[in-house]
Each structure stands twice: as C-alpha cells, then as structure tokens.
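Asks: Before I ask anything, here is the structure I am working with.
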C-alpha cells in the first residue's frame, strides 16, 4: 500500500536547492565586498606609478626626467631628501652609476614637502660606461616605494 505525499528523495533535493540558493544570496554580496576591498589595497598606502619622460646622453652621462603619475606620494628612504640609494638605473642590463662627478638625483618639489607627489618630477643623472649614446638603449629605472619604469632611448638624428 502506498502512502500519499512527496517521496523522501524529492524532499531532500528541495532542501538542497534551498540551501544552495541561501548560500548564494549570502555569499554574493559578501564576496563582492571582499574582492573589491582586496582590489583597492594596491592603492591604499601610497602606491604610485612612474614614467620616464625623456632621456639624453652626453659624455658618458645619461640624464632623465621621471614623473610620478600617482595616485600616491613617494617618500625618500632617508626621510629628508632623495639620494642615489633611492634609485637604481640599468641601461641595456648594466647598472648606470648614480653618485660621483656630474651625477645625482634632484626633485622638482612644487610644494616643498620633500616628497615625490603626483605630477612632480625627479631628475636623475648617472654615469654609463657601456656603448655610446649614438645607439638605441633600453633604460629601466627602479625607484622608492617599489616603483619601476622602462624607457627606450633613441639617439637624436645626426
């Protein structure tokens, strides 16, 4: 004799579908908030992007102007001013030495706070002992705050 009603398997499937639907309703807004927060952590605390605006070569010295594209501000490691130890420059994979005669780092600080704010420019001069400036060079600059920029130097036409 059969009893009237829904079978036990059908009831279990309905309960499972309801549980999955509730889990999705709860998890979807929370996951959006969590993943949105994780995506924003890259810009919290001063992440910045830098760009080499130009480069020139003269008598074994590469000079370049580097702009902070923002959104963050970059502070010097010493706390007072940028120095040669704050930047590393590589030309065609060889280090271009900052420090010494006619080389160094200078910040064009528009608001005099000794920090590299958005849209401010740092000027770097480094000595390079590789091939001359009449050839194309790949320049990579590593700056404070885990910033990095790459620039392809083309010599001016002769």
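The values are calculated or read from the model by the stated rules, or taken from the named source; none is laboratory data. Quick caveat, the model's predicted, so the values are computed rather than measured. Here the Cβ positions follow ideal geometry from the backbone for every residue, glycine too, while neighbour counts run over all protein chains shown.
Asks: Please state which of the following conditions residue 86 fails to meet, knowing it meets all the rest: (1) modelled with pLDDT of 85 or more; (2) more than 16 Å from residue 144 (Cα to Cα); (3) surrounded by 15 or more Cβ atoms within 10 Å (Cβ to Cβ).
Replies: Exception for residue 86: condition (2).
Asks: Identify, please: which residue in the range 111-148 is under 14 Å from residue 59 (Cα atoms) and modelled with pLDDT of 90 or more and is, among those, surrounded by the most Cβ atoms within 10 Å (Cβ to Cβ)?
Replies: Ranking the qualifying residues of the range 111-148, first place goes to 126.
Asks: Any residue at all in the range 94-104 that's in a loop (DSSP other than H, G, I, E, B), at pLDDT 85 or above and either outside the structural domain of residue 122 (by TED's automatic domain parsing) or under 15 Å from residue 122 (Cα atoms) (or both)?
Replies: The answer is yes, given that some residue of the range 94-104 is in a loop (DSSP other than H, G, I, E, B), at pLDDT 85 or above and either outside the structural domain of residue 122 (by TED's automatic domain parsing) or under 15 Å from residue 122 (Cα atoms) (or both).
Asks: Determine whether residue 59 is modelled with pLDDT of 90 or more, within 27 Å of residue 156 (Cβ to Cβ) and loosely packed, with under 12 Cβ neighbours inside 10 Å.
Replies: When the stated conditions are applied, residue 59 does not pass them.
Asks: Moving on. From the list 119, 132, which one is part of a loop (DSSP other than H, G, I, E, B), assigned by TED's automatic domain parsing to the domain that holds residue 75 and within 15 Å of residue 65 (Cα to Cα)?
Replies: When all the criteria are applied, what remains is 119.
Asks: Any residue at all in the range 99-110 that's farther than 18 Å from residue 55 by Cβ, under 21 Å from the mean Cα position of the chain (by Cα), free of Cβ contacts under 8 Å to residues at least 60 places away in the same chain and surrounded by 19 or more Cβ atoms within 10 Å (Cβ to Cβ)?
Replies: no
Asks: For the subset of the range 62-78 comprising residues that are touching a residue at least 12 places away in the same chain (Cβ under 8 Å) and exposed (fewer than 15 other Cβ atoms within 10 Å of the Cβ), which member is nearest to residue 121 (Cα to Cα)?
Replies: My answer is 69.
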